[in-house]
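Novice: My questions will all concern the structure given below.
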Amino acid sequence: MMAVTLAAAVAVGVTLGLFGGGGSILTVPLLIYLAGLPARTAIAVSLFVVAATSLAAAVGHARAGRIRWRTGLIFGLAGMAGAYGGGLLGPHLPEPLLLAGFAVMMSATAIAMIRGRRPREPRPTGSDLPLAHVVLEGVAVGVVTGLVGAGGGFLVVPALVLLGGLPMGIAVGTSLLVIAMKSLAGLAGYLQSVTIDWTLALPVAAAAVAGGLLGGALAGRIDGDRLRRAFGWFVLVMGVFMLVQQAPAPLGAALTVAAALGGLAVLACRILTRRNAHPPRLGRAFRACLLPQPRGAADDR
C-alpha cells in the first residue's frame, strides 16, 4: 500500500505543477483512503506536504521575479496567525465535522477550477497597501488552512490581486509563498496534540515535490484549461462523496440523489451547448439550457 500511496502522491504533485492553486486538494483524501490515517493526522501530514510542494514550486517563480516579497510576507504572517489558531483548534473538533468542512473546501476549490481564473482589475499601484484588509483576509484564510489542511490558493490569489495590487502572474507566484507560510503555521498548531509518522510524511512529501517538478515541466505542453476543468469535476465528485459519507443516512441519501441529478443536468447542458466553438462557462451553460434564447442567437455564436 505504501507504493500505491507514493504513486498517488506523485500524481497529486503533478496536478499541483500543472494547475497551481487547487492541485494539492486531494492530499487529505489520499492519506485517509490509501494510507489509512485518521482524519486529524491526515490533515497534519497534508499541511506538511502542501508546505513542501508550495516551497518547491515557489523557487522557480522566485528565480523569474514573480514573487512580491513584501506583500507576500505581510499576507503570509497574517495567515500564519490564523493558521496556527486553526491548527490548535482542529484537533479538538469532531472528525466528521473536520471532514465535512474539508469536503466543502474541496467543492469550492473544484468550482473555482472549473470556472477558471478570470482577469481581475488590480488595485492601483500608486495607492497604499490596505494593511487592515490584508491582515483580516490573511487571518481568515489562514484559519481555514489550519483547520482543514488545504492551501486555499483559490482564495489567496484573488486577495493578492484585489488587495495587494499584484498582476495575476505575480499573484500566483506570491501565493505559493503565502500558502507555504500558513501551512507550516497550521502544522505547528496540529503538532501540539497530533503525532505524525515522519517515515510516511517525508516520502509522501518527496513524491509530491517530484510530481510537482514533473507537472511544471509538462504545463506548457498540454491543454491546461481543459485538463483543469476535468480535474475540477473529479475533485467536485470526491468532495460530494466525502460530504455524503459524513452526513446522517437520510441526508446522505438525499445528497447523493441531488448530486446525481445535478450531474445529469450539467451533462445535458454540455450536450445541448456542444455546438459552441468555445464551451461556455458553468453559469452560462445553465442559462443556455434553462432560459429561452432569441432567434438566431445560436447562429450568431
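Novice: From (1) assigned to a helix (DSSP H, G or I); (2) surrounded by fewer than 18 Cβ atoms within 10 Å (Cβ to Cβ), pick out the condition that doesn't hold for Gly36.
Specialist: Failing condition for Gly36: (1).
Novice: Looking at Ser193, is it touching a residue at least 40 places away in the same chain (Cβ under 8 Å), closer than 19 Å to Ala58 by Cα and in the same structural domain as Val12 (by TED's automatic domain parsing)?
Specialist: For Ser193, the condition - touching a residue at least 40 places away in the same chain (Cβ under 8 Å), closer than 19 Å to Ala58 by Cα and in the same structural domain as Val12 (by TED's automatic domain parsing) - is not met.
Novice: Restricting attention to the range 174-211, and to residues there that are in a loop (DSSP other than H, G, I, E, B) and of a type in the set (Ser, Thr, Tyr), which single residue is nearest to Leu16 (Cα to Cα)?
Specialist: That would be Thr195.
Novice: Here is a further query. Which pairs have Cβ atoms under 8 Å, sit 6 or more apart or on different chains, and link a residue in the range 166-186 that is without any contact (Cβ under 8 Å) to a residue 60 or more places away in the chain to one that is of a type in the set (D, E, K, R) and surrounded by fewer than 23 Cβ atoms within 10 Å (Cβ to Cβ)?
Specialist: So the pair list comes out as Met168/Arg117; Met168/Arg120.
Novice: Do we find that Ala171 is surrounded by fewer than 23 Cβ atoms within 10 Å (Cβ to Cβ), assigned by TED's automatic domain parsing to the domain that holds Ala42 and not in a loop (DSSP other than H, G, I, E, B) in this structure?
Specialist: The answer is no for Ala171.
Residue by residue, here is whether (1) over 18 Å from the mean Cα position of the chain (by Cα); (2) within 15 Å of Ile170 (Cα to Cα); (3) buried (at least 21 other Cβ atoms within 10 Å of the Cβ); (4) not small (Gly, Ala, Ser) holds:
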| residue | (1), (2), (3), (4) |
| --- | --- |
| Ala52 | no, no, yes, no |
| Thr71 | yes, yes, yes, yes |
| Phe75 | no, yes, yes, yes |
| Leu89 | yes, no, no, yes |
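The values are calculated or read from the model by the stated rules, or taken from the named source; none is laboratory data. Predicted model, so just to flag it, every value in this text is computed and none were measured. Reconstructed Cβ throughout: ideal geometry from the backbone, glycine too, with neighbour counts over all protein chains shown.
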